[in-house]
Every structure is written in structure tokens, then in C-alpha cells.
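Read-outs throughout are calculated quantities, based only on the coordinates presented, and are distinct from any laboratory measurement. It should be emphasised that the depicted structure is a prediction, and the values quoted were computed from it without experimental measurement. For neighbour counting, all protein chains shown are included, and Cβ atoms are generated from backbone atoms with ideal geometry for every residue, glycine included.
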Amino acid sequence: MDTDKKYAWSPLPTREDMLKSLETEHFDVLVIGGGATGTGVALDATSRALKTAMVEKYDFSCGTSSRSTKLIHGVVRYLQKAVFNLDLEQVYGSFWQHDDARMNIAIAISTARMGGSVANYMEVLELHKSKDENGKEVVSGARVKDRITDREFNIKAKCVINATGPYTDHIRLMGNKEDKKKLYLLPDYYR
Ligand SMILES: Cc1cc2nc3c(=O)[nH]c(=O)nc-3n(C[C@H](O)[C@H](O)[C@H](O)COP(=O)(O)OP(=O)(O)OC[C@H]3O[C@@H](n4cnc5c(N)ncnc54)[C@H](O)[C@@H]3O)c2cc1C
């Protein structure tokens, strides 16, 4: 994308523009996952002038990021359970509520407005590796599928960030097939 277009505040690039950019450009950072973590990382990277791409398999914020209890400081809930016997009604009343999915989408749009290449309904199928300047094998991109058209292509990036929440292990194992599952989301008695 040219600089004029990059920082213009309207209109946003079309999905077609985004896909063309994802397929043809070489990115500094590719973020996998468009939840709270992925969109935050993508906006941060874009605002530091890193050439940034972000892909989300479904809708932005469709994962755990849209299922939270809408509290800005939800950790209180866990503290209450673990340590104190707090009156939750009182505690909740003193914290702000917010619409996390809406905030998530606003962050994704800000990333796009600042020149990031962002698309949802793009699923990462596999990670690509190549040798860096020291001969070390590093992840250097990913194969993605457009879930609307089923078209597949590769995205090239110097750095790939796995921000897929509960799917973190699935993506991690794409990069290291010999490794074992490490992330267990349920307590042992559920397994
Ligand atoms: C019931 C519940 C209540 C909670 N309450 C609170 C609270 O009150 N306050 C608080 O601060 N936190 C709360 N949390 C925690 C908070 O919601 C999560 O920590 C946060 O949303 C995690 O965001 P994330 O971006 O890491 O993961 P997610 O939001 O899960 O995002 C990961 C994304 O990766 C995408 N993805 C997966 N695989 C691929 C692939 N192959 N290609 C492309 N994309 C892929 C998924 O579709 C998903 O959108 C709560 C969580 C839950 C479940």
C-alpha cells in the first residue's frame, strides 16, 4: 500500500485490497488470531511502523474475547474464588463494564487504518520455515485459506506471532510436528 493510502482515515481498504496485500507483500510481522491479544499486538506493531499482517479464521473477537464477563478487571472474580470472600455485587459495581467484541473490532479497524493488512475468514493451515542469515531454521510465513472462496495462498513474514488463545498449541505444533501437546485447558479430572 502506498503511504498516502496508508494513513488516510477513509475509506478503508476493501477485503480484495487486503487479500492482494497479504499475498504479494513481505511482512515484518504476521499475527495469527484476531482476538483481544492478536488485534492488540497487530495495532502495536503497525504503530511502530512494522509492516504488519493479521489473519483471523472466523469473525474478529469470535473466540474467548467475546465470551468474557465484560469486566475490565475480571481477575477480581478469580481472586474472590481463590482467596477472599468478597461480595461480588459490590465489587462488580465498582468496575466498568464494556463491550469487548466492539472494542476488539475497533482495534482491528484502527490497525487497518494505520496501514496494517488485516482480514478475517482467513485460516492458517500450515507454517513455513526457512534458514535465517545465521543458518538457523525459523518460521517465515504461513499458508492460509480464504474460508469464503476456499482459495489458498502463502503469506511471507520475518516474524510470526501465535495469538490463537485456546488454539495456541495447534498452531505451535504446525511449526514443530515432533513436539507434544503442552496446553491443557481443563483440569486433569476432565481428561
Ligand atoms: C467465560 C470467560 C469469562 C472471562 N471473563 C473475563 C473478564 O471478565 N475479564 C477479563 O479481563 N478476561 C476475562 N476472560 C479472559 C479473556 O476473555 C481472554 O483472556 C482473552 O479474550 C483471550 O484473548 P485471545 O486473543 O488471546 O484469544 P481469543 O479471543 O480466543 O482469540 C484467538 C483467535 O484465534 C483464532 N484462530 C484460531 N485458530 C486459527 C487459525 N488456524 N487461523 C487463524 N485464526 C485462528 C480464533 O478464531 C480466535 O478468534 C474470560 C474468559 C472466558 C472464557
For the table 129/156; 57/131; 158/182, the rows whose alpha-carbon distance is greater than 21 Å are 57/131; 158/182
proj_area_mean for segment 109-153 (convex hull on C-alpha atoms), units nm², value 4.3
Here the gain from full extension of residue 25 to residue 62, 0.36 nm per residue of separation minus their alpha-carbon distance, amounts to 10.6 nm
So for R0 = 22 Å, FRET eff. of residue 12-residue 151 from the Cβ-Cβ r, to 0.05, ends up at 0.55
One finds, for residue 138 and residue 97 with R0 = 45 angstrom and r their Cβ-Cβ distance, a FRET efficiency to the nearest 0.05 of 0.60
